[in-house]
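Below is one structure, written out as structure tokens, with a few remarks after it.
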Amino acid sequence: MASSKNCFYAKKLTDVFYQIKTISELTITGGCTSFTEKELPDKSLSVRDIQELKLIDKHERYIDFGSAVTLSEIEDLGDANLPPTIYAAISNIANPNIRNIATIGGNICSRDFYCTLYASLLALDARLEFQNAEESVFKNFMRFDSIPKETLLTKIRIPIEEWEVVVFKKLGPDNMLNELSASFVFLANSLKNQVSDLRIAFAGSFRYRDIELENKLIGAHLPLSEATVSSFIADAKASFDKATKDTNLNPILRQQFQNLVKYSLEQLT
Ligand SMILES: Cc1cc2nc3c(=O)[nH]c(=O)nc-3n(C[C@H](O)[C@H](O)[C@H](O)COP(=O)(O)OP(=O)(O)OC[C@H]3O[C@@H](n4cnc5c(N)ncnc54)[C@H](O)[C@@H]3O)c2cc1C
């Protein structure tokens with residue numbers, strides 16, 4: 001039977017906006033690795049070959065990636081040239097064949113699930129650039145919810161900072177995603193033996209970051225006392241339970257979150 005799916009390809013950003021205007025119900029795609037054949041939208045436009053979206057631009061304080069940069073192109077930069085949690089997340093996604101095709105934009109814009117890179121970008125306060133025919137806007141990752149209609153993700157700006165403690169953990173099965181999949185990230189810095197910055201992020205079937213919780217540990221003296229660790233773990237559990245109360249999060253993931261917070265704090269003692 002002839003396929004009713006129409007896959008379009010764009011070579012330039014201006015072509016994308018033209019096609020969005022002229023073809024109704026067009027879905028922007030990257031490498032299409034997140035779709036089975038059945039799930040593929042009836043009309044899709046791949047931005048994977050657009051040179052403007054393939055830039056990698058490293059600055060002193062941040063690195064910009066065009067949304068069509070593939071995961072393997074990022075991985076090839078090596079862990080010395082990337083924030084460690086980004087490198088760890090990318091090299092844990094799927095397998096090398098898929099990473100050759102899959103784009104960073106597709107990983108961020110996934111439907112119904114926060115993919116493996118998400119927690120790292122959330123913890124690092126990445127910024128996202130979106131464009132439509134009229135304008136381009138930058139949004140903080142924390143504020144990113146969904147992509148407005150007729151708009152595409154064009155750039156991802158990732159801050160480059162040194163972190164003394166970096167914990168990244170991909171939970172669930174290797175090389176694939178299911179309901180037990182999630183990513184956990186913990187980052188910490190100190191100044192004069194006190195915690196000066198702390199980030200905790202978790203993403204999978206839902207996303208979690210609580211700045212109020214993070215602030216509770218800022219200023220704590222290092223090494224952390226047992227009382228400080230216990231009290232923070234209790235606060236983290238309460239915050240996570242509150243954030244997930246309306247979700248049907250698997251209890252295994254809830255327990256794994258607590259274990260990982262404990263493990264991460266032990267790196268500070
Ligand atoms: C065997 C297998 C294992 C996998 N394992 C993992 C894993 O371990 N971790 C993981 O995170 N993922 C995994 N995936 C899912 C997927 O491969 C990745 O998430 C990948 O990064 C998606 O990128 P893509 O370019 O193929 O996106 P696509 O499939 O093309 O698109 C994904 C979504 O993003 C939207 N989109 C894409 N680009 C843009 C853009 N520029 N602007 C607006 N919207 C856009 C699309 O409309 C779609 O909704 C796996 C997939 C397979 C088949």
**Asked** Once phi is turned into ³J(HN,Hα) by the Karplus curve 6.51 cos²θ - 1.76 cosθ + 1.60 with θ = phi - 60°, what whole-Hz value does each residue of segment 67-75 show in order, with x for glycine and proline?
**Response** 5, 9, 5, 7, 4, 6, 5, 6, 4
**Extension gain from TYR9 to VAL165, taking 0.36 nm per residue of separation minus the Cα-Cα distance** = 51.9 nm
**Prompt:** Extent of segment 1-78 along each principal axis, from alpha carbon coordinates, in Å, largest to smallest?
**Reply:** 51, 27, 16
**Total charge dipole magnitude, segment 52-159, about the Cα centre, Cβ charges on Lys, Arg, Asp, Glu only, Debye to nearest 20** = 180 debye
**Hydrodynamic radius (Kirkwood) for the chain, which is based on Cα pairs only, to one decimal in Å** = 19.7 Å
**Item:** When each of LYS54/LYS149; LYS11/LYS43; LYS169/LYS237; LYS38/LYS139; LYS170/LYS262 is checked by Cα-Cα distance, pairs over 27 Å
**Value:** LYS38/LYS139
**Fill in**
Counting Lys and Arg as +1 and Asp and Glu as -1 over every other residue whose Cβ sits under 12 Å from the Cβ of LYS5, the net charge comes to -1
**Request:** Amide H neighbours of LEU171 under 5 Å, at least 5 residues apart or on other chains, H built in the peptide plane: list them.
**Result:** ALA182, SER183, PHE184
**Message:** Out of the GluC sites (Glu not before Pro) in segment 101-188, which ones are loop residues according to DSSP with at most 15 other C-beta atoms within 10 Å?
**Reply:** GLU134, GLU135, GLU150, GLU161, GLU162, GLU164, GLU179
**Message:** Whole angstrom only: what separates the Cα centroid of segment 50-64 from the Cα centroid of segment 30-45?
**Reply:** 26 Å
**Item:** Dipole moment magnitude, nearest 20 debye, the chain about Cα centre, only Lys, Arg, Asp, Glu C-beta charged
**Value:** 320 debye
**Complete:** With the convex hull built on the alpha-carbon atoms of segment 52-159, volume per residue in Å³ sits at 101 Å³
**Complete:** Computed over the chain, protein heavy atoms only, probe 1.4 angstrom, the accessible area per residue in square angstrom equals 52 Å²
**Message:** Within 10 Å of each candidate Cβ there may be at most 11 other Cβ atoms; applying that plus a DSSP loop requirement, which trypsin sites (Lys or Arg not before Pro) in segment 80-138 survive?
**Reply:** ARG111
**Request:** With label points built 7 Å along Cα→Cβ from the Cα atoms of ARG254 and ASP174, find their separation and express it in nm.
**Result:** 3.0 nm
**Fill in**
Sequence order, segment 19-26: Karplus ³J(HN,Hα) from phi using 6.51 cos²θ - 1.76 cosθ + 1.60, θ = phi - 60°, Hz rounded, Gly and Pro as x, gives 5, 4, 5, 9, 10, 6, 6, 8
**Request:** With N set to the residue count of segment 6-46, report its C-alpha Rg divided by 2.2 N^0.38 Å to two decimal places.
**Result:** 1.12
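Can you compute the helix-only [θ] at 222 nm over the chain? Use -39500 (n - 2.57) per DSSP H run of at least 4 residues, normalise by all residues, nearest 500 deg cm²/dmol.
After summing the helix terms and dividing by the residues of the chain, the value is -8000 deg cm²/dmol.
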**Prompt:** Which trypsin sites (Lys or Arg not before Pro) from segment 132-234 combine a DSSP loop assignment with at most 12 other Cβ atoms within 10 Å?
**Reply:** LYS149, LYS192
**Message:** Suppose the chain between TYR18 and ASP57 were pulled fully straight at 0.36 nm per residue; how much longer would it get relative to their current alpha carbon spacing?
**Reply:** 11.3 nm
**Pairwise FRET efficiency - GLN194 versus GLN267, Cβ, R0 = 22 Å, nearest 0.05** = 0.90
**Message:** Among SER190, ILE233, LEU222, whose Cα projects farthest towards the positive end of the dipole of segment 162-257, with charges put on the beta-carbon of Lys, Arg (+1) and Asp, Glu (-1)?
**Reply:** ILE233
**Asked** Which far-off residues, 5 or more places away or on another chain, put their amide H under 5 Å from the one on ALA220, with H placed in the peptide plane?
**Response** VAL195
**Request:** Amide H neighbours of LYS43 under 5 Å, at least 5 residues apart or on other chains, H built in the peptide plane: list them.
**Result:** ASN6, THR27
**Asked** Taking the Cα centre of segment 165-266 as origin and charging only Cβ (+1 Lys, Arg; -1 Asp, Glu), how large is the dipole, in debye to the nearest 20?
**Response** 60 debye
**Request:** Classify segment 157-269 as rounded, prolate or oblate, taking a ≥ b ≥ c as the square roots of the eigenvalues of its Cα gyration tensor: rounded when a/c is under 1.5, otherwise prolate if a/b is larger than b/c and oblate if not.
**Result:** prolate
**Per-residue ³J(HN,Hα) for segment 227-240, Karplus 6.51 cos²θ - 1.76 cosθ + 1.60, θ = phi - 60°, Hz, x for Gly and Pro** = 5, 5, 4, 4, 5, 5, 4, 5, 5, 5, 4, 4, 5, 5
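The values are calculated or read from the model by the stated rules, or taken from the named source; none is laboratory data. What you see is a predicted model; the values in this text were computed from it and never measured. Note that each Cβ is placed from the backbone with ideal geometry, even for glycine, and that neighbours are counted across all protein chains shown. For the accessible areas, the whole protein counts, side chains as well, though only heavy atoms, and no ligand, DNA or RNA atoms are used. Shrake-Rupley method; radii C 1.70, N 1.55, O 1.52, S 1.80 Å.
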